[in-house]
1. Sum up the charges of everything whose Cβ sits under 13 Å from the Cβ of Asp224, counting Lys and Arg as +1 and Asp and Glu as -1, but leave Asp224 out.
2. At most 12 other Cβ atoms within 10 Å and a DSSP loop assignment: could you name the trypsin sites (Lys or Arg not before Pro) in region 1-92 that fit?
3. Where does the charge balance sit around Ser28 when Lys and Arg score +1, Asp and Glu -1, over other residues with C-beta under 13 Å from its C-beta?
4. Skipping prolines and chain starts, which residues have an amide H placed within reach, meaning under 5 Å, of the one on Val220, given they are 5 or more residues away or on another chain?
5. Enumerate the calculated ³J(HN,Hα) couplings along region 106-116 in order (Karplus 6.51 cos²θ - 1.76 cosθ + 1.60, θ = phi - 60°), each rounded to whole Hz, writing x wherever the residue is Gly or Pro.
6. Which GluC sites (Glu not before Pro) from region 42-95 combine a DSSP loop assignment with at most 11 other Cβ atoms within 10 Å?
7. Evaluate the Debye formula for region 200-260 with equal point scatterers sitting on the alpha carbons, no solvent, and hand back log10 of I(q)/I(0) at q = 0.14, 0.22 Å⁻¹, in q order, two decimals.
8. Grab the other residues whose beta carbon is less than 13 angstrom from that of Leu80, score K and R as +1, D and E as -1, and report the net.
Amino acid sequence: MNPNCARCGKIVYPTEKVNCLDKFWHKSCFHCETCKMTLNMKNYKGYEKKPYCNAHYPKQSFTMVADTPENLRLKQQSELQSQIRYKEEFEKNKGKGFSVVADTPELQRIKKTQDQISNIKYHEEFERSRMGPSPSESSEPERRNSQESSSYRRGAEQQHQPLHHGQPGAPVYQQQQPPSQPYGYKEPAAPASTQRNAPAGGGKRFRAVYDYNAADEDEVSFQDGDTIINVQQIDDGWMYGTVERTGDTGMLPANYVEAI
């Protein structure tokens with residue numbers, strides 16, 4: 001038996017039948033609901049079991065749900081279930097003071113690690129308190145106390161030292177004195193130039209072509225035109241000699257002087 005067309009209601013024969021959207025249509029009746037453009041199986045779009053073209057396909061928009069008695073009943077039932085579950089959890093956790101955390105394998109591992117660390121620290125502190133302070137810890141305060149007591153004792157002895165050593169019955173303290181020197185005389189320090197070990201004489205003579213300021217203790221400073229005597233070559237860039245004007249001996253750059 002041939003079905004009827006969903007558009008015109010007439011019988012649809014197999015040669016012109018279009019089976020789409022759970023309905024049967026004539027090829028000419030399968031067109032857009034808005035612009036009446038004829039559609040096929042490739043370019044149609046169905047909405048509420050009606051064919052539309054791409055340009056007039058209805059845009060879906062969210063609408064508010066009417067507060068029907070059935071919706072109101074479902075809403076009230078969900079609220080009651082939520083309140084019942086909340087009261088059950090509240091009564092179960094009352095007095096605990098913290099929220100329930102799922103006992104996952106990761107949390108179990110963390111808890112076990114914390115317990116082990118706590119046990120280790122407890123045993124270390126217990127052993128330390130039972131054995132007393134270590135020798136290094138105890139020796140440091142004792143050494144500091146001995147130094148303070150010795151300095152205090154030395155200061156007290158100096159304060160109680162008598163002024164007249166020849167007084168009978170008074171204790172005599174012997175104190176090492178430095179070698180006697182004339183009063184008010186102070187031996188002058190040797191100049192820096194004499195403290196250096198100058199090389200043996202007979203070296204070459206050079207003349208400075210630039211000013212140079214010593215950058216290290218083992219170098220010498222000189223001015224343009226100074227004569228350098230007893231010069232010895234150290235390497236390609238440095239020499240060792242004595243500035244004739246100042247008498248200072250040390251290292252100097254080779255590219256700042258020229259041979260005489």
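1. -1
2. Details: sites: Arg7, Lys10, Lys17, Lys23, Lys27, Lys36, Lys42, Lys45, Lys49, Lys59, Arg73, Lys75, Arg85, Lys87, Lys92; in loops: Arg7, Lys10, Lys27, Lys36, Lys42, Lys49, Lys59.
In loop regions of region 1-92 (DSSP not H, G, I, E or B), the sparsely surrounded trypsin sites (Lys or Arg not before Pro) are Lys10, Lys36, Lys42, Lys49, Lys59.
3. Details: positive: Arg7, Lys10, Lys17, Lys27, Lys36; negative: Glu16.
Combined, the nearby Lys, Arg, Asp and Glu give +4.
4. Result for Val220 returns Met251.
5. 5, 5, 4, 5, 5, 4, 5, 5, 5, 5, 5
6. On the way: sites: Glu48, Glu70, Glu79, Glu88, Glu89, Glu91; in loops: Glu48.
Passing both the DSSP loop test and the Cβ count: Glu48.
7. Listed by q, the Debye log ratios stand at -0.29, -0.76.
8. On the way: positive: Arg73, Lys75, Arg85, Lys87; negative: Glu79, Glu88.
Charge balance in the 13 Å sphere: +2.
We did not get these values from a lab; they are worked out from the coordinates using the rules stated. Here the structure is a predicted model, which is why all the values come from computation and not from measurement. Don't worry about glycine lacking a Cβ; one is built from the backbone with ideal geometry, like all the others, and counts go over all protein chains shown.
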